[in-house]
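Take a look at the structure below.
The values are calculated or read from the model by the stated rules, or taken from the named source; none is laboratory data. From a predicted model like this one, the values you see are computed outputs, not experimental measurements. In this analysis, Cβ positions are derived from the backbone assuming ideal geometry, glycine residues included, and neighbour counts consider all displayed protein chains.
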Amino acid sequence: MAGWSEKASVVLILVVLGICCYRASTQSFTIDEAWVYNLFVSKPLSAMARHYDACNHVLHTLLMKGARATLGGSELALRAPSLLAAVLYCVACFRLTQLVLGGWIGFLCLGLLTLNPMILDFLVAARGYGLGLALFLWALYCAIRYSSTGFGRSWLRWAGVCSGLAIAANLIMLVPAAALGCALLILMARRGFASSWEIVDVYGGPAIAIAFLFVVIPVLPARPEDFYVGAPDLATSVQTLVASFIKGRRHWPGTSPDLFLRVGSQYLAPIVFLALIAGLVATVPRYLRAGVLSSRINAWIVLAGTAVFSVVLVLLLHSTLGVRYPYGRTGIYLLPLFFIAPLYGLKILDFAGAKWVRLTGSVFAAFLLFVCLRQRDNRYFTEWQYDAGTSHLMKVLRNHHKNRIQLQPGEKVRFGTHQFLKQTAIWYKERHRLEWLDDPSSDNLEAGGYRYYLLTPAENQLAKKLGLETIAADPVSGEFLSWLKP
């Protein structure tokens, strides 16, 4: 059985990586990708020290600069670091699930880890979420190997290195990296203060040093208002994470998501969290008193402890420093933790009737995997569906201009866009070398004065008011390209 599940897992990973490559080469660039490119990637390195923006995921931004210099400025080239992250992530997921789960439950877990729509989006988009997540999962893998192979320092050191790089790739990874350190401290508590200091030194030392070297200069100019992404309350935060399973409205639960979101956020997520706490409360005292170590319990403390401490740290950061709760992608690290830890907990249950509990958990996992498969859509990113047609419409604009407008020397064509499409339009202007086109602007669209307009469905009435003629429209995003005839 394990042999077949392992082969199926390899096939799944190859399929996922194929999907990532296809999407990276075919999907339009988006506002966040274009924003980080326009602000940092296309600018000198010193720009990262002059001002801070939350879109600057430092290590990933540096890799994008390297990709631009070596591979060019296409969508696929700039997404190459994310594709590298996809490979690292998929291999880490495979190694983790085979190490702690195995069998078909391991395959189900791997499916959840790789086919969740939000995770899959960020294994493609030129952002630092996928890279940070991949590096953190490698840190988690190294920590479990450390706990199950006699506490060898090399595994612990590698866990620290991967955690530091994960934070450098995306600051949100500071939370799970710190939570992993707390879980490791519990493991060492039975061995006394000296062993606990080993965690601080061998794990925390590399993590802090690497993260500091990458992040300190870009973060120095930061102001509190620069950290603008987050949920106002815990209920909203949990709901956005449950919503990560929903991508479109073509299939259930996207057609009527309210019930799915309510059950997932108000019942399932709290039950799983409380079950993890109960499992830790039941096992940690026994672990601290036991004379013989168990690698199964060690792995459980690492997995469940990291998941629980991540939530606890989020609550502490909000209550003490006013840090916003995770909102969707900014809590992406919680998804793998809350996939792996509960399933591993089910695996190691040992009491009469445990098989029925495992069966129930497996059915839930299979159901969530079914939802992921039903929600697949390789045409757009969930968070930026409004940008899905920008690539195509900018090509239409280029060809339309060639045949219809004659310009005087030095004259440029004015181009108005919706504010959400502006950064991507600026990027495509550079990408296609449209020197004849003025910088895209979203200023005072209602007054007119532009030759071409790239608009969203919300501007349909504006287009009619200005007497614009639609040149092309995108069925996925609803964007449309219009112009004012001479």
Filter segment 55-85 down to residues that are surrounded by fewer than 17 Cβ atoms within 10 Å (Cβ to Cβ) and among the small types (G, A, S) and give me whichever is farthest from D439 (Cα to Cα). G66
Conditions (1) in contact (Cβ under 8 Å) with a residue 40 or more places away in the chain; (2) not assigned by TED's automatic domain parsing to the domain that holds T236 -> A365 fails only (2)
Could you list, in sequence order, all residues of segment 112-165 that are hydroxyl-bearing (S, T, Y) and closer than 20 Å to A307 by Cα? T114, Y129, Y141, Y146, S147, S148, S163
Criterion violated by Y228 - all others in (1) surrounded by 14 or more Cβ atoms within 10 Å (Cβ to Cβ); (2) modelled with pLDDT under 95; (3) under 19 Å from the mean Cα position of the chain (by Cα) satisfied: (1)
So if I check each of R414, R379, which one is surrounded by fewer than 19 Cβ atoms within 10 Å (Cβ to Cβ), among the basic types (K, R) and more than 33 Å from the chain's Cα centre (by Cα)? R414
I199 meets each of (1) surrounded by fewer than 19 Cβ atoms within 10 Å (Cβ to Cβ); (2) in contact (Cβ under 8 Å) with a residue 12 or more places away in the chain with one exception, condition (1)
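Is it the case that segment 177-195 has a residue that's without any contact (Cβ under 8 Å) to a residue 60 or more places away in the chain, within 21 Å of A341 (Cα to Cα) and within 24 Å of the chain's Cα centre (by Cα)? Spell out the reasoning first.
As a first pass, look at segment 177-195 and keep what is without any contact (Cβ under 8 Å) to a residue 60 or more places away in the chain: 177, 181, 185, 188, 191-195.
Next cut, within 21 Å of A341 (Cα to Cα) only: 177, 181, 185, 188.
Still in the running and within 24 Å of the chain's Cα centre (by Cα): 177, 181.
There is at least one residue in segment 177-195 that is without any contact (Cβ under 8 Å) to a residue 60 or more places away in the chain, within 21 Å of A341 (Cα to Cα) and within 24 Å of the chain's Cα centre (by Cα).
What about G205, is it touching a residue at least 24 places away in the same chain (Cβ under 8 Å), within 23 Å of C93 (Cβ to Cβ) and in the same structural domain as T114 (by TED's automatic domain parsing)? Even if it seems obvious, please write down each step before you answer.
Details: touching a residue at least 24 places away in the same chain (Cβ under 8 Å): yes; within 23 Å of C93 (Cβ to Cβ): no; in the same structural domain as T114 (by TED's automatic domain parsing): yes.
The answer is no for G205.
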Which pairs turn up if I take residues in segment 317-337 that are part of a helix (DSSP H, G or I) and look for partners that are aromatic (F, W, Y) and crowded, with 16+ Cβ neighbours inside 10 Å with beta carbon separation below 6 Å, at least 6 apart in sequence or on another chain? H318/Y325; R329/Y129
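So which helices (runs of 4 or more DSSP H) stay within segment 1-104 end to end and still have 2 or more residues that are without any contact (Cβ under 8 Å) to a residue 40 or more places away in the chain?
Values: elements: 2-26, 31-36, 47-50, 58-71, 75-78, 80-100.
Counting at least 2 such residues, we get 2-26, 58-71.
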Any chance segment 339-347 includes a residue that's crowded, with 22+ Cβ neighbours inside 10 Å and of a type in the set (G, A, S)? yes
Pick out the one residue from E459, E446 that is in a helix (DSSP H, G or I), surrounded by fewer than 17 Cβ atoms within 10 Å (Cβ to Cβ), on the phi < 0 side of the Ramachandran plot and of a type in the set (D, E, K, R). E446
Qualifying positions in segment 86-110 - under 15 Å from Y129 (Cα atoms) and surrounded by fewer than 17 Cβ atoms within 10 Å (Cβ to Cβ): V87
So, of the residues in segment 257-294 that are assigned to a loop (DSSP other than H, G, I, E, B) and in contact with a Lys or Arg (Cβ under 9 Å, 6 or more places away or on another chain), which turns out to be surrounded by the fewest Cβ atoms within 10 Å (Cβ to Cβ)? A290
